[in-house]
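Undergrad: Could you have a look at this structure, given as structure tokens, before my questions?
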Amino acid sequence: MSLPLLTAVTPQYEAGLTTKLGTSGAVHVVRRCPDLAELLGAVAAGIGRVAVVSADLRGLDGAAIRELLDHGVLVLGVHRPGDEAGERMLRRWGVAVVVPADADQPTLDAALAELTSRQDPTTAPSASADKPGPGAEETADADGSVGHRGAHATVDPEESGDAVSVPPDRGRVVVVWGPVGSPGRTTVAVNVAAELAEVDTPVILADLDTYGASVAQVLAVLDEAPGVAAAARAADQGNLDRATLLRLAPEVTPGLRVLTGMPRPDRWTELREHAVQDILAECSALVPVTVVDVGFCLESDEELSFDTTAPRRNGAALAALEAADDVLVVGSADPVALQRLVRGLDQLREVTEAPLTVAVNRVRPGAVGKDPGSRVRGALRRFAGLDDVVLVTEDQASVDAAVLEGRTLREARPGSAARTGIRELAGRVGGRTLAPPRGRGRTRRATARV
Ligand SMILES: Nc1ncnc2c1ncn2[C@@H]1O[C@H](COP(=O)(O)OP(=O)(O)OP(=O)(O)O)[C@@H](O)[C@H]1O
Ligand SMILES: [Mg+2]
């Protein structure tokens, strides 16, 4: 089995060494750490099973090596060619396998073989078995089964993998963001994903909201579905591949797979930025469109912290926005929410370069007066310089009914007034014209919710 490998090597030899390590079958490079702090942070997060460190890495000492070894990481030491003092020092610190930084491929392969043969079979790792962290139970339980969603709920990853056509190029990542105040991010994300999903155009809907994930509930997928927590853990361990993702993102309607969010908001620390990057990269290698629901907050104050390895609560949203090909911005159609939307757009432009499609949800006369659509458009033209806004009509009865049944509007209330705007949004971010809606939703079992 190929082990996930981290490097923390001084620049002079880093690239050459990483290339050779990358071609070795024994390991695969999951992170090239520019410094010791990042290496220790990655190891503490459970990323990597092998670490390559160079003797002249700034700050490297016996305590750092001990910390790596205590985490069960196999350490390969490298030193400048001829630097005998460096070699001795590494060995004194407890690094058993040491090679010159310009070692050739066979020498490196032999060193890796020696290293992996040294691991203690009682403590060594299957990726999911070592150091069970908070997400371990999901990985263990991840059998692809979901809750109330019957027919499409149990997925054989390999089998369904065959049914998924991999996009020739990378699929698009559409991030749905909106400011504080629950403007309807999740409603829009779920329903836009549903409109885009077809058997031959599969979509993954990923819930990366670190403040209040709710896609599982809206779509009646059991709370304990492994979802993004297990995907993040697999990414941390360098094991997130196509089969794992398919297992963790069950199909809830034909063509629509769901990666449910963190089951509890206080577990946000498990969703680190690098894991989000890996998850979205894997999703976009698998399906033509990935729709992502993220939390409202875009502040990155934690960056000011001296602890560079500290997790950032908004890191998931920021990483998703950085990876986005399109951002769908959702505001709500009342005066307070519109002001937040205007401010939010400014903030957003600082964190993403992706094109923005702006939607105003819950458009209704009660909140802004007669002819609410024109008023909303007028306000956004005046205060945000926006000429192009998609309006989604208020339709509480339909949205409520769909959530109650754990279904999408397309399934539960295909004639909903809110669906018109949602389909327009889907058409814009999906890069294709959608077929006209059928009059009726697909017939599926009715699912009562309490
Ligand atoms: N077009 C609509 N018409 C009527 N009600 C709607 C509409 N869109 C959303 N809602 C309702 O507004 C509420 C908030 O929606 P939603 O959960 O989608 O917002 P959010 O921005 O994801 O909120 P959160 O801050 O919880 O993540 C829900 O009760 C939902 O049913
Ligand atoms: Mg939400």
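The values are calculated or read from the model by the stated rules, or taken from the named source; none is laboratory data. The structure presented is a predicted model; accordingly, all values stated were derived computationally and were not measured. Please note: Cβ atoms are built from the backbone with ideal geometry, for glycine as well, and neighbour counts cover all protein chains shown. Surface accessibility is based on the protein's heavy atoms, side chains included, excluding ligands, DNA and RNA. Shrake-Rupley method; radii C 1.70, N 1.55, O 1.52, S 1.80 Å.
Undergrad: So if I check each of A197, A216, A225, A220, which one is within 13 Å of ligand 1 (Cβ to nearest atom) and among the small types (G, A, S)? Show your work before the answer.
TA: Values: A197 fails: within 13 Å of ligand 1 (Cβ to nearest atom); A225 fails: within 13 Å of ligand 1 (Cβ to nearest atom); A220 fails: within 13 Å of ligand 1 (Cβ to nearest atom).
Just one listed residue meets the conditions, A216.
Undergrad: Now for a separate question. Among the residues of region 163-176, is any within 12 Å of ligand 2 (Cβ to nearest atom) and at pLDDT 95 or above?
TA: First, pick out the residues of region 163-176 that are within 12 Å of ligand 2 (Cβ to nearest atom): 176.
Next cut, at pLDDT 95 or above only: 176.
So far as region 163-176 goes, yes, one or more of its residues are within 12 Å of ligand 2 (Cβ to nearest atom) and at pLDDT 95 or above.
Undergrad: For region 225-254, which positions are crowded, with 24+ Cβ neighbours inside 10 Å and of a type in the set (D, E)?
TA: D236, E251
Undergrad: Confirm whether R410 is among the basic types (K, R), in a helix (DSSP H, G or I) and within 27 Å of the chain's Cα centre (by Cα).
TA: On the way: among the basic types (K, R): yes; in a helix (DSSP H, G or I): yes; within 27 Å of the chain's Cα centre (by Cα): yes.
Considered against the rule, which asks whether it is among the basic types (K, R), in a helix (DSSP H, G or I) and within 27 Å of the chain's Cα centre (by Cα), R410 comes out as yes.
Undergrad: When region 280-303 is examined, which residues are found to be more than 12 Å from L205 (Cα to Cα), away from ligand 2 (no atom under 16 Å from the Cβ) and not polar (S, T, N, Q)? Walk me through how you get there before you give the answer.
TA: Step one: of region 280-303, the residues more than 12 Å from L205 (Cα to Cα) are 281-282, 285-286, 295-303.
Subset that is away from ligand 2 (no atom under 16 Å from the Cβ): 281-282, 285-286, 299-303.
Matches in region 280-303: A281, E282, A285, L286, E299, D301, E302, E303.
Undergrad: Condition first: in a strand (DSSP E or B) and surrounded by 23 or more Cβ atoms within 10 Å (Cβ to Cβ). Can you find one or more residues in region 43-51 that meet it? Walk me through how you get there before you give the answer.
TA: Looking only at region 43-51, we keep the residues that are in a strand (DSSP E or B), and these are 50-51.
Now restrict to residues that are surrounded by 23 or more Cβ atoms within 10 Å (Cβ to Cβ): 50-51.
Yes; the residues of region 43-51 include at least one that is in a strand (DSSP E or B) and surrounded by 23 or more Cβ atoms within 10 Å (Cβ to Cβ).
Undergrad: Could you check, for region 331-347, whether at least one of its residues is assigned by TED's automatic domain parsing to the domain that holds A194, over 25 Å from Q217 (Cα atoms), open to solvent by 10 Å² or more (accessible area, probe 1.4 Å) and in a loop (DSSP other than H, G, I, E, B)? Give the derivation first.
TA: We begin by selecting, within region 331-347, every residue assigned by TED's automatic domain parsing to the domain that holds A194; these are 331-347.
With over 25 Å from Q217 (Cα atoms) added as a condition, the list becomes 334-336, 338-347.
Going one step further and asking which of them are open to solvent by 10 Å² or more (accessible area, probe 1.4 Å), we end up with 334-336, 338-340, 342-343, 346-347.
The next check asks that each one be in a loop (DSSP other than H, G, I, E, B); those that pass are 334.
Yes, there is a match, as at least one residue in region 331-347 is assigned by TED's automatic domain parsing to the domain that holds A194, over 25 Å from Q217 (Cα atoms), open to solvent by 10 Å² or more (accessible area, probe 1.4 Å) and in a loop (DSSP other than H, G, I, E, B).
Undergrad: Still on this model: Report, by residue number, each residue of region 370-407 that is part of a helix (DSSP H, G or I), closer than 19 Å to P355 by Cβ and aliphatic (A, V, I, L, M).
TA: Once the filter is applied, which keeps residues that are part of a helix (DSSP H, G or I), closer than 19 Å to P355 by Cβ and aliphatic (A, V, I, L, M), region 370-407 yields L380, A384.
Undergrad: State the number of residues belonging to region 210-224 that are open to solvent by 10 Å² or more (accessible area, probe 1.4 Å) and part of a loop (DSSP other than H, G, I, E, B). Step through it out loud before you land on a result.
TA: To start, the set of residues in region 210-224 that are open to solvent by 10 Å² or more (accessible area, probe 1.4 Å) comprises 211-214, 216-218, 222-224.
In the following step, the residues that additionally are part of a loop (DSSP other than H, G, I, E, B) were identified as 211-214, 222-224.
Residues that pass the stated criteria total 7.
Undergrad: Let me ask another. For E299, state whether it is of a type in the set (D, E) and part of a helix (DSSP H, G or I). Can you show your working first?
TA: On the way: of a type in the set (D, E): yes; part of a helix (DSSP H, G or I): no.
Taking the combined requirement at face value, the residue does not satisfy it.
Undergrad: When you check V188 against the structure, is it within 16 Å of ligand 2 (Cβ to nearest atom), farther than 30 Å from A44 by Cβ, touching a Leu at 6+ places or on another chain (Cβ under 6 Å) and modelled with pLDDT of 95 or more, yes or no?
TA: So V188 does not fit the description; no.
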